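Visitor: After the structure tokens below, expect a handful of questions from me.
Where a number appears in this text, it was derived from the coordinates with a stated rule and is not lab data. Small disclaimer: the values here were computed from a predicted structure and weren't measured. Cβ placement follows ideal geometry from the backbone for every residue including glycine, while neighbour counts extend to all protein chains displayed.
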Amino acid sequence: KAGVTQTPRYLIKTRGQQVTLSCSPISGHRSVSWYQQTPGQGLQFLFEYFSETQRNKGNFPGRFSGRQFSNSRSEMNVSTLELGDSALYLCASSRRGTGYSGANVLTFGAGSRLTVL
Amino acid sequence: EDQVTQSPEALRLQEGESSSLNCSYTVSGLRGLFWYRQDPGKGPEFLFTLYSAGEEKEKERLKATLTKKESFLHITAPKPEDSATYLCAVQAGETSGSRLTFGEGTQLTVNP
């Protein structure tokens, strides 16, 4: 069974540019979440998509955006990159989304390592 | 606001030397507490979900326990391959969906 696939794995950008990261969830998983991981802040929630709709959003500026397609694949975009955006961006998928009252196990991908120069 | 604090930040053990990692949490309406393991350059790997105080789960040399305020990850007779960062996270509230709030993690090193 294929896991969560993220592309690209590594990328280098310069300040002011924009970047798009891609995530393919586990087959049958309809919820996709994105997290940013940095040494200083740890893992922080960016947003969650379910059935092509953003269901939850973390405390990040509007430069961070995302979308989900009908096949549950998701992309996130960061515009006008800043040095502080350098991080490991992790995608996670789960079977259930908003509205499920139980605990929802997330399966993470390997991440996309973004370096902003 | 949900808060998760892990201690210690780093832990060095000799192979076979058992120990425990701590995760303290403050949430409203806990739905689940999760333990993940993360190796360098990889995404977090799911270990356990705990749902209510008093619950315990085991997997090989790992045992996770939960109280109303904290969780412990006990590592019995660790091996070098147990070296990794262990992350604790909570899912809480009725409208938070899959949102996880993570602690900073404990970096475990097991020396042979």
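Visitor: R0 = 25 Å: FRET efficiency of B:Glu1 with A:Gln54, Cβ-based, nearest 0.05?
Guide: Step by step, r from the Cβ atoms, then E = 0.75.
Visitor: Along Cα→Cβ, 7 Å out, is where each label goes; now give me the distance between the ones at A:Asn77 and B:Phe46 in nm to one decimal.
Guide: Reported label-point gap for A:Asn77 and B:Phe46 is 3.1 nm.
Visitor: Further question: What do you get for Rg/Rh over chain B if you use C-alpha atoms and the Kirkwood form of Rh?
Guide: 0.97
Visitor: Could I ask something else about it? What nm distance separates the two modelled labels at A:Tyr10 and B:Thr26, each placed 7 Å from Cα along Cα→Cβ?
Guide: Between A:Tyr10 and B:Thr26, the label points sit 4.1 nm apart.
Visitor: Please give the FRET efficiency for B:Lys63 paired with A:Ser70, using the beta carbon to beta carbon distance and R0 = 45 Å, rounded to the nearest 0.05.
Guide: 0.60
Visitor: For each of A:Ser93, B:Ser24, count neighbouring Cβ atoms within 10 Å of the residue's Cβ, then give the residues from fewest to most.
Guide: B:Ser24, A:Ser93
Visitor: Restrict the search to the stretch A:21-102; then list the GluC sites (Glu not before Pro) that DSSP places in a loop and that have at most 16 other Cβ atoms within 10 Å of their Cβ.
Guide: A:Glu52, A:Glu82
Visitor: So, one more: Restricting attention to the protein assembly as shown, give the cysteines that have no other cysteine Cβ less than 4.7 angstrom from their Cβ.
Guide: So far as the 4.7 Å Cβ criterion goes, no cysteine stands without a partner in the protein assembly as shown.
Visitor: Could I ask something else about it? Kindly provide the GluC sites (Glu not before Pro) of the stretch B:1-31 that DSSP labels as loop, not H, G, I, E or B, and whose Cβ sees at most 11 other Cβ atoms within 10 Å.
Guide: B:Glu1, B:Glu9
Visitor: Continuing with this model, one more query. Could you tell me the calculated FRET efficiency between B:Lys79 and A:Ala2, based on Cβ-Cβ distance and R0 = 41 angstrom, to the nearest 0.05?
Guide: 0.90
Visitor: Among A:Thr5, B:Thr101, A:Thr80, which comes first, second and so on when ranked by fewest other beta-carbon atoms within 10 Å?
Guide: Going from least to most buried by this count: A:Thr80, A:Thr5, B:Thr101.
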